[in-house]
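This report refers to the structure that appears directly beneath it.
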Amino acid sequence: MFRLQGSKVLAVEMTGDAVKAKNGSMVAYDGEMSFKKMSGGGEGLRGMVTRRLTGEQMTVMEVKGHGTCWFADRAAEINVVELGGDKLFVESSNFLAAAAGLRTGTEFTGLRGASQGNGLFTTTVEGHGQAAIMSDGPAVVLRVSERYPLTVDPGAYVAHQGRLRQSFQSGVTFRTFMGEGGGEAFQIRFEGDGLVYVQPSERNTIAGDV
């Protein structure tokens, strides 16, 4: 259903089914398509309320029809993720699309969410099917195991999946060494078994220097 055309355009083949996508990300389509804005970007009232409370900016539309629809956003790199019943956690600004069979919503993430200035909730995608996430530059997928935990700069974090535990810890970033840090820096530590997606460019976050 999902396929990449180049690295920055997602083509979705539809035969009467639907796809959820970031509002405004459709760049072209052929065939017959209908578009509907989904309030809150998540499932049900909880998704709407939590996003309003935390100020997360993600508006989702449902695209349904027969034909091919192409999606892109700000020339970002696109990564297709196959979900086999597990849950994907993704920053709202990095979400592009999900097959209609996948459940989207919000979930409490504690301090990590607050550190990014995006509130205490993050976007979740769960079920069986394909999802597409974006990154500023080609994303790198890093494996986390019980033996090898992983520490990530919040500004480079894109998404994660698997049986992972995350914690928020103080540390030192490259910017601190360069004299650009104005205070204590923070990082995300992942332990367990799963995958973490990081981008080679840091978004502006509060977490870098608090």
TODO: Would you point out the residue of region 184-201, among those that are open to solvent by 40 Å² or more (accessible area, probe 1.4 Å) and not in a strand (DSSP E or B), that is modelled with the lowest pLDDT?
DONE: 184
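Yes/no per residue for (1) out of contact with any strand residue (DSSP E or B) (no Cβ under 6 Å at 6 or more places or on another chain); (2) outside any strand (DSSP E or B); (3) modelled with pLDDT under 90; (4) not acidic (Asp, Glu):
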site	(1), (2), (3), (4)
56	yes, yes, yes, no
78	no, no, no, yes
96	no, no, no, yes
122	no, no, yes, yes
131	no, no, no, yes
134	no, no, no, yes
Open item on the list: If a residue must be in a strand (DSSP E or B) and buried (at least 18 other Cβ atoms within 10 Å of the Cβ), how many such residues does region 65-76 contain?
Closed with: 3
Open item on the list: Out of 101, 110, I need the residue that is open to solvent by less than 30 Å² (accessible area, probe 1.4 Å) and modelled with pLDDT under 95. Which one?
Closed with: 110
Task: Hits in region 1-25 (condition: under 19 Å from residue 93 (Cβ atoms), open to solvent by 60 Å² or more (accessible area, probe 1.4 Å) and not small (Gly, Ala, Ser)) - done: 8, 23
- [ ] For region 136-154, indicate whether the set of residues that are crowded, with 20+ Cβ neighbours inside 10 Å, part of a strand (DSSP E or B), of a type outside the set (Lys, Arg) and modelled with pLDDT under 95 is non-empty.
- [x] yes
TODO: State whether the residues of region 27-37 include one that is more than 18 Å from residue 159 (Cβ to Cβ), assigned to a loop (DSSP other than H, G, I, E, B) and at pLDDT below 95.
DONE: no
Task: Tally, over region 13-26, of residues that are under 18 Å from the mean Cα position of the chain (by Cα) and in a strand (DSSP E or B) - done: 5
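The values are calculated or read from the model by the stated rules, or taken from the named source; none is laboratory data. Please read these numbers as outputs of a predicted model, since none were measured by experiment. Every residue, glycine as well, gets a Cβ built from its backbone with ideal geometry; the counts of neighbours run over all protein chains shown. Side chains are part of the model used for accessible areas, which takes the heavy atoms of the whole protein and leaves out ligands, DNA and RNA. Shrake-Rupley method; radii C 1.70, N 1.55, O 1.52, S 1.80 Å.
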